[in-house]
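Novice: Structure in structure tokens, see below.
The values are calculated or read from the model by the stated rules, or taken from the named source; none is laboratory data. The structure presented is a predicted model; accordingly, all values stated were derived computationally and were not measured. Counting neighbours? That spans all protein chains shown, and the Cβs are built from the backbone with ideal geometry, glycine included.
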Amino acid sequence: MIKTFSLTDIGKKRKINQDYVYTSEMPVGPLPNLFIVADGMGGHKAGDYASRCATETIVWSALSADNESIVSILENAFKAANENILKKSLQEEDYNGMGTTLVAATLVDNKLWVANVGDSRLYVVNNKEIRQITRDHSLVEEMVRMGGIRRDQARSHPDKNIITRAVGVMEEIEIDFFQIELNKGDEVLMCTDGLTNMIDDEEIRMIMSGQRDIVGKVEGLINAANNNGGKDNIAAIIIDPFA
């Protein structure tokens, strides 16, 4: 039986929360469950709209999907979200240039299927290790991969918030897909960069290991991010696949 808990928090510096989460432990169309994290970008209303629109479109698209493959369902849903956001941004000046990160996951038996665009992340965490499954689509991640900067320098780099892919910005989107096998003791963390820019991976693992239930784990992560500055909105979902 799956158990989940999610929260978003405005943080300590922002005036509006542009992060958006969705969790369903019950089937959504052909998908047995669905979990989504989105981090909007754009002006006052635009980022808020983009993250909500993307999430709602993913859910609507999954609900109306046929019994096709999971990758096809997620791919079509992401493309529909991209189209809806781009259309709105071209129609109304207030929404020009908006976009959002998007990471979605569904659990089938012990296999987790993941789709990702942007720098919101999905991790698999247990008492021994934390593994980032998604790959950030960001300028600093490209620099790390090319050997331009070290991984430890990326966290404080002035360009760390520049992303190289987003939903709703261009007509075509490139989506990363992952499939991973989960083992007893594994938990899944999905989160925005408002969390990962404030606390590093090992601290995330220690906070999660130090709490008895997933509610305490999510609250502990958000509190730690705020205590370290809370410079952005924070969103987190924890999924316990073996509750």
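Novice: Take the residues of region 94-138 that are assigned to a loop (DSSP other than H, G, I, E, B) and among the small types (Gly, Ala, Ser): which is surrounded by the fewest Cβ atoms within 10 Å (Cβ to Cβ)?
Specialist: Our first condition is that a residue be assigned to a loop (DSSP other than H, G, I, E, B); within region 94-138, this holds for 96-98, 109-110, 118-120, 126-129, 133-137.
Checking the rest, the ones that are also among the small types (Gly, Ala, Ser) come to 97, 118, 120.
Values: Gly97: 12, Gly118: 26, Ser120: 28.
Looking at residues that are assigned to a loop (DSSP other than H, G, I, E, B) and among the small types (Gly, Ala, Ser), I get Gly97.
Novice: Still on this model: Could you list, in sequence order, all residues of region 1-35 that are among the hydrophobic types (A, V, I, L, M, F, W, C), closer than 21 Å to Thr101 by Cβ and surrounded by fewer than 17 Cβ atoms within 10 Å (Cβ to Cβ)?
Specialist: Leu7, Ile16
Novice: From the list Asn33, Asn76, which one is within 13 Å of Ala104 (Cα to Cα), at pLDDT 95 or above and over 17 Å from the mean Cα position of the chain (by Cα)? Spell out how you get there, then give the answer.
Specialist: Values: Asn33 fails: over 17 Å from the mean Cα position of the chain (by Cα).
After ruling out the rest, the residue left standing is Asn76.
Novice: Hey, could you check region 1-44 for residues that are in contact with a Ser or Thr (Cβ under 7 Å, 6 or more places away or on another chain) and without any contact (Cβ under 8 Å) to a residue 60 or more places away in the chain and say which is farthest from Gly229 (Cα to Cα)?
Specialist: First, pick out the residues of region 1-44 that are in contact with a Ser or Thr (Cβ under 7 Å, 6 or more places away or on another chain): 4, 6, 17-23, 25, 29, 31-41.
Next, only the ones that are without any contact (Cβ under 8 Å) to a residue 60 or more places away in the chain stay: 22, 25, 29.
Values: Tyr22: 25, Glu25: 32, Gly29: 40 Å.
Result: Gly29.
Novice: Now for a separate question. Please enumerate the residues belonging to region 1-58 that are in contact with a Gly (Cβ under 7 Å, 6 or more places away or on another chain) and assigned to a loop (DSSP other than H, G, I, E, B).
Specialist: Matches in region 1-58: Gly11, Lys12, Lys13, Gln18, Gly42.
Novice: Among the residues of region 50-81, write down those that are within 12 Å of Ile175 (Cα to Cα), surrounded by fewer than 18 Cβ atoms within 10 Å (Cβ to Cβ) and without any contact (Cβ under 8 Å) to a residue 40 or more places away in the chain.
Specialist: Within region 50-81, Ser72, Asn76 meet the criteria.
Novice: Find the residue count for region 155-167, including only residues that are surrounded by 18 or more Cβ atoms within 10 Å (Cβ to Cβ) and modelled with pLDDT under 95. Break it down stepwise before answering.
Specialist: Here is the first cut: in region 155-167, the ones surrounded by 18 or more Cβ atoms within 10 Å (Cβ to Cβ) are 160, 163, 165-167.
Next cut, modelled with pLDDT under 95 only: 160, 163, 165-166.
Residues flagged as surrounded by 18 or more Cβ atoms within 10 Å (Cβ to Cβ) and modelled with pLDDT under 95 within region 155-167 amount to 4.
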